[in-house]
Amino acid sequence: MTTAAPAACRQENRADGGRARLWAFGALAVLLVLGAAFSESLCPFDPYAQNLSAALQPPSPEHFFGTDRYGRDLLSRVIAGSRASIFGTILLVTLIAALGTVVGVFAGWTGGRLDAVLMRLSDMFLAFPGLVFALAVAGVLGGGLHNAILALAAISWPKYARIARSQTLAVRESAFMKAARLSGSPEGKIIRKHLLPNIAGPILVTAMLDIGTMMMELAGLSFLGLGAKPPAAEWGSMMSESRGLMTTVPWSVYAPGLAIFVSVMVFNLLGDAVRDALDPKMRER
Amino acid sequence: MDGPILSVRNLTKIFSRRGQPDVTAVNDATFEVRPGECLGIIGESGSGKSTVAHMITRLLEPTAGQIFLDGEEITRLRGAGRRRLYQKVQMVFQTPVESFDPRRTLGDGVGESLENAGMSAAAVREEVARLLAVCGLPAEFADRYPHQASGGECQRAAIARAIAIRPALLVCDEATSALDVTIQRDVIGLLARLRRELAMACLFICHDIALVQDFCDRVLVMHRGRIVERGTPDEVIRSPREEYTKMLIDSVL
Ligand SMILES: Nc1ncnc2c1ncn2[C@@H]1O[C@H](COP(=O)(O)OP(=O)(O)O)[C@@H](O)[C@H]1O
Ligand SMILES: [Mg+2]
């Protein structure tokens, strides 16, 4: 009896803390996305304007992150690059989550031979060392941000298919699905109204946590020259461009690196907060 | 006299899974339920009662045998035909809370069959409130989620859901087993009243022989997938012919 009250209290506090975290990181993430959306008007300088007389300047009040070897303002380039990095990543994660969910739900719902075939296929994809395969795909498709997104999408959907399938199998057998059948709802309606809302949580959490990973992989492909192409501003390719200057002009690498670090961090922490918020044990009754 | 509302002939279900021995869950079951009648099925856990219920409601594919509902064969019914079947037969499950979608309100659950029958949203709301009232729940329960109601309240809502489209046959698969004894009595009382008022036939599955005694017109006793005994509750309880039935009775009374 005496332990019950503090436990309930702690639960409440954790739930409150969880909500605060959700709002804080949600707001930061929204800020990043808005920044990316309005990046053009946020740049203090033209991110593509070269000015060789002002090349390789260290950080100063005028050029917050300094300038690169062509004299381009690094802060402006980091801001401009946020569009490719953040929107590219969100597009990629949306793509793989949607594709994986469709495949997984389909496999889990219909079962049988089709299920077996789809799952063997996704096993094959999962067995490959992901980034190596993405490199090969990007190599075949050629460079460019779009192809990098396609390459990463091609190797990343199976994880979502697995989750969606196992969730579908679990939910399909529950009593409320039988009840939904008995209400005379057609299968499409049962999937839409009862299955998808009940499997969305884990998929959403995975997607949120994946934004950070995918952002790094996308930047990684660009870094290797298989993503966004110079002079386009993109964080990975910016780091790649300046990697030779790492020791002499460190700020040219720090600027995009810091941008990646901060964004990955914000989205990962948001993913954690979303996971905790969706955890049924943390939800108030 | 009318024909039976439900007629089950030589119904068999064998579960076969790779790497495991076959399980004959239901073995050659034959029985009938007449209109308005209440037939009890008793038997220990694992004797195949739920499997029978699931085959009758087309949630499970029979291995062999035939099922007729109101004279129409439904053994292999699928698609739209199966959906139409649910205007005649409904089921109340053993797990009251879990039988409602955790992400939807009880009202949504109760009204889903009405919505599928083409009723307008406003009419559904009104009818749901009426059905809940009939089952002894205030209208505000329509807006509650399953986790915001007790097992007994959820089971009342589940009964409201089951009678919404006025089925001719109600299958209750251990509808009271998960409830406290006092609540159990209330729910049985509710079912008995509804059965009278709606002239509904009932297949009442239960592992508790005492509950069957007052509620059912006839009982079947199942053991390892077979029907081993049948008769009125009094006959079965007073003069059981099978050793198994005696054991079942002794364990309760
Ligand atoms: N989906 C299934 N797969 C394999 N065996 C099953 C399945 N469902 C039930 N069984 C088996 O069938 C038998 C009867 O189960 P069931 O009808 O649930 O019994 P009851 O409802 O009387 O407790 C049990 O031995 C059970 O293990
Ligand atoms: Mg059972």
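Quick note: the coordinates plus some simple rules give every number you see, no bench work behind them. Bear in mind that the values here come from a model prediction, so they are computed numbers and not experimental data. Here the Cβ is made from the backbone with ideal geometry for all residues, glycine too, and neighbour counts use every protein chain on show.
With respect to the cross-link table entries A:Lys159/B:Lys88; A:Lys159/B:Lys13; B:Lys49/B:Lys88; A:Lys189/B:Lys88; A:Lys159/A:Lys193, which display a Cα-Cα separation exceeding 31 Å? Before the final figure, lay out the partial values.
On the way: A:Lys159/B:Lys88 43 Å; A:Lys159/B:Lys13 36 Å; B:Lys49/B:Lys88 20 Å; A:Lys189/B:Lys88 21 Å; A:Lys159/A:Lys193 24 Å.
Long pairs (Cα-Cα over 31 Å): A:Lys159/B:Lys88; A:Lys159/B:Lys13.
Add +1 for every Lys or Arg and -1 for every Asp or Glu among the other residues with Cβ under 9 Å from the Cβ of A:Glu241, and state the total. Kindly include the intermediate steps, with their values, before the conclusion.
On the way: positive: A:Arg69, A:Arg243; negative: A:Asp68.
Net charge in that neighbourhood comes out at +1.
For the ranges B:64-70, A:161-167, A:140-146, what's the packing order if you count other beta-carbon atoms within 10 Å of each residue, average per peptide, and put the highest first? Numbers along the way, then the final one.
On the way: B:64-70: 18.0, A:161-167: 22.1, A:140-146: 15.1.
Top to bottom by mean Cβ count within 10 Å: A:161-167, B:64-70, A:140-146.
By how many degrees, between 0 and 90 and to the nearest 10, does the Cα long axis of helix B:106-116 differ from the longest principal axis of chain B?
90 degrees
Ranking request for peptides A:21-32, B:89-100: highest mean number of other beta-carbon atoms within 10 Å first, then the rest in descending order.
B:89-100, A:21-32
Evaluate 2.2 N^0.38 Å with N set to the residue count of region A:40-94, then give the Cα radius of gyration divided by it.
Details: Rg = 12.8 Å, N = 55, 2.2 N^0.38 = 10.1 Å.
Here the answer is 1.26, to two decimals.
Name the helices (complete DSSP H segments) of chain A with a Cα length along the long axis of 30 Å or more and a Kyte-Doolittle mean of at least 1.6, or state none.
Details: long enough: A:4-37 (49 Å, 0.48); A:88-110 (33 Å, 1.91); A:145-172 (38 Å, 0.42); A:196-223 (39 Å, 1.26); A:251-278 (40 Å, 1.22).
Span-like helices here: A:88-110.
Need one number: nm distance between label points at A:Leu141 and B:Glu243, each 7 Å from Cα along Cα→Cβ, rounded to one decimal.
The modelled label-to-label distance comes out at 7.1 nm.
Do me a favour and compute the ellipsoid semi-axes for region B:124-253 from its Cα gyration tensor, root of five times each eigenvalue, largest one first, whole Å.
Details: eigenvalues 201, 47, 26 Å².
After scaling each eigenvalue by five and taking roots: 32, 15, 11 Å.
Treating only the Cβ atoms of Lys and Arg (+1) and Asp and Glu (-1) as charged, compute the dipole magnitude of region B:104-165 about its Cα centre; round to the nearest 20 debye.
I would put it at about 120 debye.
How charged is the neighbourhood of B:Glu61? Take every other residue with its Cβ under 10 Å from the Cβ of B:Glu61, and add Lys/Arg as +1 and Asp/Glu as -1.
Details: positive: B:Lys13, B:Arg58, B:Arg76, B:Arg78; negative: none.
Net charge around B:Glu61: +4.
Using r as the Cβ-Cβ distance of B:Glu44 and B:Arg18, and R0 as 22 Å, what FRET efficiency do you calculate, to the nearest 0.05? The partial results should precede the final answer.
Numbers: r = 28 Å, r/R0 = 1.27.
The computed FRET efficiency comes out at 0.20.
Of all the C-alpha pairs in region B:1-127, what % are more than 23 Å from each other?
Values: 3534 of 8001 pairs.
Value for region B:1-127: 44 percent of Cα pairs lie more than 23 Å apart.
Take peptide B:158-171, look around each residue's Cβ out to 10 angstrom, count Cβ atoms belonging to other protein chains, and average those counts. Each step should come with its number before you reach the end.
Values: counts 2, 0, 0, 3, 3, 0, 1, 3, 0, 1, 0, 0, 0, 1.
Mean shielding by partner chains, rounded to a whole number: 1.
With a ≥ b ≥ c taken as the square roots of the eigenvalues of the C-alpha gyration tensor of chain B, please select rounded if a/c is under 1.5 and otherwise prolate if a/b is larger than b/c or oblate if it is not?
Details: a/c = 1.67, a/b = 1.38, b/c = 1.22.
Because a/c hits 1.5 or more and a/b exceeds b/c, chain B counts as prolate.
Volume per residue, Å³, of the convex hull around the alpha-carbon atoms of region B:188-253?
About 84 Å³ per residue, rounded to a whole number.
Per the Cauchy relation, a quarter of the hull surface: what is the mean projected area of the convex hull of the alpha carbons in chain A, in nm²?
Values: hull surface 81.0 nm².
Across all orientations, chain A yields a mean hull projection of 20.3 nm².
Averaging the inverse of every distinct alpha carbon separation and then flipping it gives the Kirkwood radius. What is it for the protein assembly as shown, in angstrom units?
Details: mean 1/r = 0.0362 Å⁻¹.
Here the Kirkwood hydrodynamic radius works out to 27.6 Å.
How many nm is it between the label spots at A:Thr94 and B:Ala123, if each spot is 7 Å from the Cα in line with the beta carbon?
4.0 nm
Measuring from label point to label point, each 7 Å out along Cα→Cβ, what is the A:Ala49 to A:Lys189 span in nm?
The answer from the label model is 6.2 nm.
Using the Kirkwood radius over C-alpha pairs as Rh, can you work out the diffusion coefficient of region B:104-165 via Stokes-Einstein at 20 °C, viscosity 1.002 mPa s, in µm² per second?
Answer from the Stokes-Einstein relation: 194 µm²/s.
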